[in-house]
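Input: a single structure, listed below in structure tokens.
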Amino acid sequence: MKLQHLLTKDSKTEFYYEVLELIAGLFLVVFLTLHILFVSTIILGPDVFDALAQGMDAYHLGTIFKSLVIVAFFAHFIVAGRRIPTRVREQGIVWRHAKLLRHPNTWAWVFQVITGMAILVLGAIHIWVVFTNSPTGAMGSAMRVQAGYLWFYIALIPLSFYHAGVGLYRQFVKWGWFPRKPVGYIIIVITLTIIAIGSVALWAFMQLEVS
Amino acid sequence: MSNRTLTFNIFRFDPYRPEVAPYMQSFSVEELDGMTVFVALNKIRETEDTAIKFDFVCRASICGSCAMLINGRPQLACKTLTRNLPKKITLMPLPVFKLIGDLSVDTGAWFRHLSLKTKSWIHTDKAFDPQVLEERMDNQTALDIYEAERCIECGCCIASCATANIMEDFWGAAGINRVARFMIDPRDGRSGKEYFEVIGSEQGAFGCMGLMACDDLCPMELPLQMQLAFVRRKMLGLGFKV
Ligand code: SF4
Ligand code: SF4
Ligand code: FES
């Protein structure tokens, strides 16, 4: 036992971090999925999209969700980020380890860390852009996509859903609520479907005539 | 069976001669029917280099001492048949554990430390009376305990765990499995609070990131995912109470 370990021994903190990691992670996955499904109403037409956006604003759902998301986004970064190998030596070990082991789940995690870093930047930009352009409307969004944000979203959508899919899978695995292999397959199918829907939505935004 | 000539690339290093940098040395071995990596290693030691270091005792996947990285993955040398491997075989010692030399590592000290840290013995206040019959345990509990006890302490789960590779004091699947074994034992009198103190920490249940390399690579095929999840869920319940 070392002095620092003795004095900072408070296993409750670790415990609360773990619970927070679970809650914030699950919340973000649910939010992300609803978010892309709502945005994808553009496939049904700009009127449906606008009606939904206005409906949400009428009940201040947009604002409530947005504030929660910002909190969850950064809480998740802090609690889940505590596992990221940050030291050069650790990164070297993990990289060598993953290459030696050729183990799919370990690679999935390595890429999850990398996508997480990318999402931290891209997601923050996305949140900023959307918040400074409220209220949300089909025309405004279409204009943004057509003005060059297309590539931004082509990157952000698969990155975030890959990250979310692996995260969800690992939470299920860690808590052991369901058998591992079926959960993995189901999550892969759902993730691919969502990415496909998101791509169609992007295409729909590109097709809109913006005045 | 057409016998192949196998090429073994073996990691060589002697910690007592640190001036000689680690290197890979290659040996050719004629494959025999039913040959294991362990048999091949003995052949190399007999015919090529008597100084090469590697561990074995039982050669029957019981003692757990022959674990090493075979083509990068932790496996038991005595259980791995060469016919399931390509012609080129790379052997390295397990990571995480202290390197004794070449393919030999000290898993013993690591597991002894683990036993002390997790206090792996039955804690009870009952005085032992040799005259009285032992209390009966229901069969399922006995089987569950036995399932966890099948661990041979080979260290494959520790070596394959990314967390254990970067966090020196993480107990890994073997450690958490060990605690699970005592948690289900009705003879163990430890309270929830005591267990939480033992394993409700980053070194224990919460350090695991759910990468499942342990579950995929344990040569005894222990249900490690379920053991890890069992302890984690127990800790969730206890964490709010204690
Ligand atoms: S749990 Fe499996 S891999 Fe880990 S030490 Fe025990 S037998 Fe080896
Ligand atoms: S599941 Fe947990 S204990 Fe097993 S290899 Fe992964 S991080 Fe390590
Ligand atoms: S020599 Fe005992 S497990 Fe391989």
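Below, the figures for the structure above:
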item	result
Long-range neighbours under 8 Å by Cβ, at least six apart or interchain, first residue in the same structural domain as B:Asn177 (by TED's automatic domain parsing) and free of Cβ contacts under 8 Å to residues at least 24 places away in the same chain within the stretch B:131-148, second among the charged types (D, E, K, R) and surrounded by 10 or more Cβ atoms within 10 Å (Cβ to Cβ)	none
Any pair with Cβ under 9 angstrom, 6 or more apart, that starts in the stretch B:206-227 at a residue that is within 16 Å of B:Gly155 (Cβ to Cβ) and within 8 Å of ligand 1 (Cβ to nearest atom) and ends at one that is among the basic types (Lys, Arg) and outside any loop (DSSP other than H, G, I, E, B)	B:Leu217/B:Arg73
Qualifying residues in the stretch B:144-192 (those that are of a type in the set (Ser, Thr, Tyr) and over 30 Å from A:Val88 (Cα atoms)) - the one farthest from ligand 3 (Cβ to nearest atom)	B:Ser191
Sole residue being out of contact with any Gly (no Cβ under 6 Å at 6 or more places or on another chain), away from chain B (no Cβ under 11 Å), assigned to a helix (DSSP H, G or I) and not basic (Lys, Arg), chosen from A:Ala118, A:Ala108	A:Ala118
Enumeration of residues in the stretch B:195-230 that are at the interface with chain A (Cβ under 9 Å from one of its Cβ atoms), crowded, with 24+ Cβ neighbours inside 10 Å and either under 13 Å from the mean Cα position of the chain (by Cα) or in a loop (DSSP other than H, G, I, E, B) (or both)	B:Gly200, B:Gly204, B:Cys208, B:Leu211, B:Met212, B:Ala213
Selected residue [within 16 Å of ligand 2 (Cβ to nearest atom) and within 14 Å of chain A (Cβ to nearest Cβ)] from B:Pro74, B:Pro93, B:Pro86	B:Pro74
Residues satisfying the stated conditions in the stretch A:93-145, i.e. among the polar types (S, T, N, Q) and touching a Lys or Arg at 6+ places or on another chain (Cβ under 9 Å)	A:Asn105, A:Gln112, A:Asn133, A:Ser134
Residue, farthest from the chain's Cα centre (by Cα), within the stretch A:64-90, restricted to residues that are surrounded by 15 or more Cβ atoms within 10 Å (Cβ to Cβ) and within 10 Å of chain B (Cβ to nearest Cβ)	A:Glu90
Odd one out for B:Ile70, checked against (1) within 14 Å of ligand 3 (Cβ to nearest atom); (2) assigned by TED's automatic domain parsing to the domain that holds B:Val198; (3) among the aliphatic types (A, V, I, L, M)	(2)
Verdict on B:Ala164 being part of a helix (DSSP H, G or I), touching a residue at least 60 places away in the same chain (Cβ under 8 Å) and either buried (at least 22 other Cβ atoms within 10 Å of the Cβ) or among the hydrophobic types (A, V, I, L, M, F, W, C) (or both)	yes
Where a residue in the stretch A:165-178 is more than 7 Å from chain B (Cβ to nearest Cβ) and its partner, wherever it lies, is in a helix (DSSP H, G or I) and polar (S, T, N, Q), with Cβ under 7 Å and at least six apart	A:Gly165/A:Thr191; A:Val166/A:Gln112; A:Gly167/A:Gln112
When residues of the stretch B:135-164 are limited to those that are more than 14 Å from chain A (Cβ to nearest Cβ) and of a type in the set (A, V, I, L, M, F, W, C), the one farthest from ligand 2 (Cβ to nearest atom)	B:Met137
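Residue by residue, here is whether (1) touching a helix residue (DSSP H, G or I) at 6+ places or on another chain (Cβ under 8 Å); (2) hydroxyl-bearing (Ser, Thr, Tyr) holds:
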{"position": "B:Ser191", "(1), (2)": "no, yes"}
{"position": "B:Gly200", "(1), (2)": "yes, no"}
{"position": "B:Phe206", "(1), (2)": "yes, no"}
{"position": "B:Leu217", "(1), (2)": "yes, no"}
{"position": "B:Glu221", "(1), (2)": "no, no"}
{"position": "B:Ala229", "(1), (2)": "yes, no"}
{"position": "B:Met235", "(1), (2)": "yes, no"}
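Conditions (1) under 20 Å from B:Pro95 (Cα atoms); (2) at pLDDT 90 or above; (3) among the polar types (S, T, N, Q), marked per residue:
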| position | (1), (2), (3) |
| --- | --- |
| B:Glu197 | no, no, no |
| B:Ala205 | no, yes, no |
| B:Met212 | yes, yes, no |
| B:Asp216 | yes, yes, no |
| B:Met220 | yes, yes, no |
| B:Leu228 | no, yes, no |
| B:Lys234 | no, yes, no |
| B:Gly239 | no, no, no |
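The values are calculated or read from the model by the stated rules, or taken from the named source; none is laboratory data. Not measured: the values here are computed from a predicted model. Cβ sites come from the backbone with ideal geometry, for glycine too, and all protein chains shown count toward neighbours.
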